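The block underneath contains the structure these notes are about, expressed in structure tokens.
None of the figures in this text is laboratory data; all of them are computed from the coordinates on show. This structure is a prediction, so every number in the text was calculated from the model and none was measured. Here the Cβ positions follow ideal geometry from the backbone for every residue, glycine too, while neighbour counts run over all protein chains shown.
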Amino acid sequence: MSSLDAMYQELILDHARHPHGKGLAPTFDGESFQVNPTCGDRIRVRVSLGDPAVGRAAGGDLAVGWPVVADLTWDGQGCSISQASASMMGDLVRGKDLSEAAALGEAFGELMRSRGRGIDPDLADRLGDAVALEGVSRYPMRIKCALLGWMALKDAVARAATGDASPARIPEGI
Amino acid sequence: MTASPALSDQELAAIRSDFPVLGRRGEDGRPLVYLDSGATSQRPRVVMDAMRDFAENHNAAVHRGAHTLAGEATEAFEDARAAVARFVGASPGELVFASGTTGAMNLLTAALGAASEGRGQGLGRRFAILPGERIVVTQAEHHSNLVPWQELAARTGAELAWLRVGADGRLRLDDLPAVINSRTRLLAFTHASNVTGAITDVGAVVAAARQIGALTVLDAAQSAPHLAVDLAALGVDFAAFSAHKMLGPNGIGALYGRAELLEALPPGFTGGSMVEIVTMREATFLPPPNRFEAGTQAVTEAIGWAAAVGYLAHLGMGRVEAHERALTARLLSGLAELPGVRVLGPAEAAGRLGAVSVDLDGVHPHDAGQYLDAQGIAVRVGHHCAQPVHRALGVHSSTRASLGLYNTAAEVDRFVAALGQVRDYFGAGL
Ligand SMILES: Cc1ncc(COP(=O)(O)O)c(C=O)c1O
């Protein structure tokens, strides 16, 4: 398989053509708008947080926990890599608590920086469909595309925490 | 002017051998097809050689110091200024070195801002832009000739108005009467769009500006590399262009200003090398062009740029233009055959340059660019630093092939063939 085919696996093109979670929910706790400066591609991500998933951690301490990503929706314009990545990201983090979501973000970041050398198989396992984006790591110019949604997620969660739900004004117009 | 003949195959082969990077191979082992000269052009060996010779034998600070090297460096720097000025129909005193087109535009807006704040005494007053006056730009501009004017308008309280771009990618010159009124002080516009390739009828804009005494500022970043440009004959007041798009190095460009205007304009950037007498409270400034060249200049790059214009002048810009126009025509007719490919800009080679941007139905430019890169074809994808013109043409971004004098018909054909496969690869239109 050529590097190009490795990057554009069928799974990725499928997600890009039929993205999951695309279309913004009207209510949310945190929102972020991110732009890829190279191409002007943009994404808006909205997260709704739910109460800590009490008792979900096997045999864990039931009293404390992180809020859970109850819903993640997004909308945006972008290449197949950015669209597929956002779609896979939503699938991955919905229902996870914020600490797990952040860890997945870190793992995905590591995958993107791996320059095609691969990452720890256990880590890779946890990334679900998103591991198919490994081929992007051979193309430094495209890593930003794959990370765009993840950057927005991180920022949206931070905004939810500070209560400053929406990003600064975005210029509209011709 | 009689049309110059295009380059022969032999001449083209000789030219290509002057550009070392054209010997590179793509990922697939085939020779690199470089179709991104609109972003930055490749450099012939004479440019690298001139810069190396200067660094090895003559490097010194210019306009200061009295030793032999300093004298040689100063002479080489001023010779370079004269060579670049001559290339665009200007006199040396009208050519201010800057870091590029963007640097030149900011140099100019900083100077106009200073004049608007009362600097420049009596002479500078003619440049003051007052609240409620108008600065006119166009929808076709590169951000480099748009954002500095937005900022100047915000600083001065001036209002911004613009000429629109029509569906054919050309400037709507029929907007001129509507955007020009008695309060219009300045029109900044591009000679050729880096997205649509459309060449502006400079004479029409200059004539409209003159009727009301407004200044004209021409972005010649795309025209200077591909057309014979005579700024004096065009009649614009100011112009800017970059070395790195015309076979020269990065980090240098120029602001052209008519002598009489530069004479009266106060400096926007100040510091060393642009002053006469400095006391603790104030300073007097040198005459142009040095008044506008604060700080140590990009001397080695100036030397390289002079070699680049020497190379272009030797070929003759008429022939460069004829060669590129023939390739552009071939490119446009090839693209016209491809389903799902829309050219953003004039469909005919006349009145346009070889920067050809396309919208591919169902494929994002980044994906298209990646596919082409895997075939060893370098194009630019994205908004090319010109978001408004994309918006005007109803797209977000595009895939652009931009020709240089070293491109061949075979390269154009390889690009067209590869582009024809892109939509299939990504399953568009299935
Ligand atoms: C039409 C036009 N204007 C201005 C610029 C800016 O030039 P530079 O980046 O050299 O300052 C460019 C190219 O980037 C251009 O194509």
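Let me know the charge dipole size of the protein assembly as shown about its Cα centre in debye, to the nearest 20, where only the beta-carbon of Lys, Arg (+1) and Asp, Glu (-1) is charged.
Once rounded to the nearest 20, the dipole reads 880 debye.
Name the most mobile residue of B:Ala307, B:Ala55, B:Ala221, meaning the one with the largest mean-square fluctuation, in a Gaussian network model of chain B with Cα contacts below 10 Å.
Most flexible of the set in this elastic network: B:Ala55.
Mind telling me which of A:Asp75, A:Asp122, A:Asp29 comes out most flexible in a GNM of chain A, alpha-carbon contacts under 10 Å?
A:Asp122
Take every DSSP beta bridge whose two residues both sit in the stretch B:49-313, then give the antiparallel share in percent to the nearest 5.
Percentage antiparallel, nearest 5: 45.
Kindly identify the stretch B:37-177 as rounded, prolate or oblate by the Cα gyration tensor criterion: order the square roots of the eigenvalues as a ≥ b ≥ c, call it rounded if a/c is under 1.5, otherwise compare a/b with b/c, prolate if a/b is larger, else oblate.
oblate
So for the protein assembly as shown: antiparallel DSSP bridges make up what percent, rounded to the nearest 5?
DSSP beta bridges in the protein assembly as shown are roughly 70 percent antiparallel.
Provide the net charge surrounding B:Ile15, with neighbours chosen by a C-beta distance below 15 Å and charges set as Lys +1, Arg +1, Asp -1, Glu -1.
-2
For a test of understanding, tell me how many lysine pairs in the protein assembly as shown have Cα atoms under 26 Å apart, given they are 8 or more places apart or on different chains.
6
Would you mind listing how long the stretch A:3-161 runs along its three principal axes, going by Cα atoms, in whole Å with the largest first?
Largest to smallest, the principal-axis extents are 48, 35, 24 Å.
From the helices alone, meaning DSSP H stretches of at least four residues, give me the mean residue ellipticity at 222 nm for chain B, per-run term -39500 (n - 2.57), in deg cm²/dmol to the nearest 500.
So the calculated ellipticity at 222 nm is -11500 deg cm²/dmol.
Local charge sum around B:Ala188 (other residues, Cβ-Cβ under 13 Å, Lys/Arg +1, Asp/Glu -1)?
-2
Between the stretch B:330-372 and the stretch B:281-297, what is the separation of their alpha carbon centroids in Å?
About 46 Å separates the Cα centre of the stretch B:330-372 from the one of the stretch B:281-297.
Restricting to DSSP loop positions (anything but H, G, I, E, B) with no more than 10 other Cβ atoms inside 10 Å of their own Cβ, which GluC sites (Glu not before Pro) remain in the stretch B:266-297?
Hits after loop and neighbour filter: B:Glu282.
Between B:Ser91 and B:Asp79, what is 0.36 nm times their sequence separation minus the Cα-Cα distance? Round to one decimal in nm.
3.1 nm
Would you work out the relative contact order for chain B, in percent, from Cα pairs under 8 angstrom that are 6 or more residues apart?
After rounding, I find 23 percent.
Restricting to DSSP H runs of at least four residues, report the calculated mean residue ellipticity at 222 nm for chain A, -39500 (n - 2.57) per run over all residues, nearest 500 deg cm²/dmol.
Rounded to the nearest 500, the figure is -12000 deg cm²/dmol.
For a footprinting-style exposure proxy, rank B:Glu321, B:Glu72 by other Cβ within 10 Å, fewest first.
B:Glu72, B:Glu321
Hey, got the average number of other protein chain Cβ atoms within 10 angstrom for residues in B:365-377?
The shielding value for this peptide is 4.
Quick check: from the Cα gyration tensor, does the stretch B:49-313 come out rounded (a/c under 1.5), prolate or oblate?
Since a/c reaches 1.5 but b/c is at least a/b, the shape of the stretch B:49-313 is classed as oblate.
Within 10 Å of each Cβ in peptide A:79-86, how many partner chain Cβ atoms are there on average? Round it to a whole number, please.
3
First measure r as the distance between the Cβ atoms of B:Ile277 and B:Asn59, then evaluate 1/(1 + (r/R0)^6) with R0 = 41 Å and state the FRET efficiency to the nearest 0.05.
According to the calculation, E is roughly 0.90.
Which of the three applies to the protein assembly as shown, rounded, prolate or oblate, going by the alpha-carbon gyration tensor with a ≥ b ≥ c and a/c under 1.5 meaning rounded?
prolate
Once you list every other residue whose beta carbon is under 11 Å from the beta carbon of B:Gly166, what net charge do they have if Lys and Arg are +1 and Asp and Glu are -1?
Around B:Gly166, the charge tally is 0.
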